[in-house]
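Readers should treat all values here as calculations from the given coordinates under stated rules, not as data from a laboratory. Every value quoted in this text rests on a predicted model; they were computed, and no experiment measured them. A quick note on method: Cβ atoms are made from the backbone with ideal geometry, for glycine too, and the neighbour counts reach across all protein chains shown.
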């Protein structure tokens, strides 16, 4: 039986860059090639600074008069300021639209039902087409904008609408899908299960794009010059970063985000997002190069000390230590 999932996200970063030169400006600031996007098409990308560090992580869509960027809350001001800084005489004006929208995020099967009923559309999934797609439609006179993403797996859609119409749109969608609308905490559990990093939680402006381990979805290694390209290209030429995000399977009691992982008394990782799962939990977290491969194991910091204090013998202590394993 196909599982349906629908989550309410009260606030996201929504930035519009409007003007004839909007695509040119953003193309020079992003890791993905966006010049060939047609109206309604999009791509996942990082916004980078001159050192190749992340200013933001968004899905970016071509609009009739520019571009719209959508991503985790808290990025809008930094991205808008960054775009404005590199706009001199060009016609490209960034504006923040966070307060204009609230959102629902639906997995693939739920998105398909919503779009089929309300927009008369059969969505194209990300695993079937490199470029992402968007739709606009109405329900009972209330406009809805749908943007494809990978946030909780292939075929996910983010539905944006005005906060004043939230109750009516929720009611319309409940009549279509047989699932309760879950909260933002549940959304994060779903995107952790889908191995999708969240800017501001798993990533920030100290990270390089390759450390997110989403190169295929976010970075073009053939596009022309862009801000930070030298650093990113050099890392690609070297073959591997020294740390990157991986998905961990956790044993025992659920640790907190920020928990350190160790191997041979050395720190080899740190958990950034944690969610419950069968027989323990799952997590996204940074790993050192020694622990990139599936099956790599590390001790969960904190459980080690707890078990050492409680152990009656070295044998008991060794058997009760809790590990994290790279999936």
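Using a Gaussian network for the chain with springs between C-alpha atoms less than 10 Å apart, which of these wobbles most: 19, 74, 239?
In this elastic network of the chain, the residue with the biggest mean-square fluctuation among 19, 74, 239 is 239.
Order by neighbour count: 238, 286, 54, fewest other Cβ atoms within 10 Å first, most last. Walk me through the intermediate numbers first.
Working: 238 10, 286 19, 54 23.
With the fewest neighbours first, 238, 286, 54 line up as 238, 286, 54.
With a ≥ b ≥ c the root eigenvalues of the C-alpha gyration tensor of the range 95-233, is it rounded (a/c under 1.5), prolate (a/b larger than b/c) or oblate?
Working: a/c = 1.92, a/b = 1.81, b/c = 1.06.
Verdict is prolate for the range 95-233.
Taking every DSSP beta bridge with both residues inside the chain, roughly what % is antiparallel (nearest 5)? Walk me through the numbers before you get to the answer.
Details: 73 of 76 bridges.
So the antiparallel bridges in the chain amount to around 95 percent.
Looking only at 58, 241, 274, which one moves most when the chain is put into a Gaussian network model with springs between Cα atoms under 10 Å?
Most flexible of the set in this elastic network: 241.
Which order do peptides 221-229, 186-194 fall in by mean Cβ count within 10 Å, highest first? Mind showing how you got there, number by number?
Numbers: 221-229: 14.6, 186-194: 19.7.
Top of the packing list down: 186-194, 221-229.
What order do you get for 50, 17 when you list them from fewest to most C-beta neighbours inside 10 Å?
On the way: 50 11, 17 26.
Neighbour counts put them in this order, fewest first: 50, 17.
With springs only between Cα atoms under 10 Å, which of 254, 208, 60 fluctuates most in a Gaussian network model of the chain?
Evaluated over the chain, the most mobile residue of the options is 254.
Would you calculate, for the chain, the mean residue ellipticity at 222 nm contributed by helices, counting each DSSP H stretch of 4 or more residues as -39,500 (n - 2.57) and dividing by all residues, to the nearest 500? Mind dumping the intermediate values first?
Details: 9 runs with 75 residues, N = 327.
Calculated at 222 nm, the ellipticity per residue is -6500 deg cm²/dmol.
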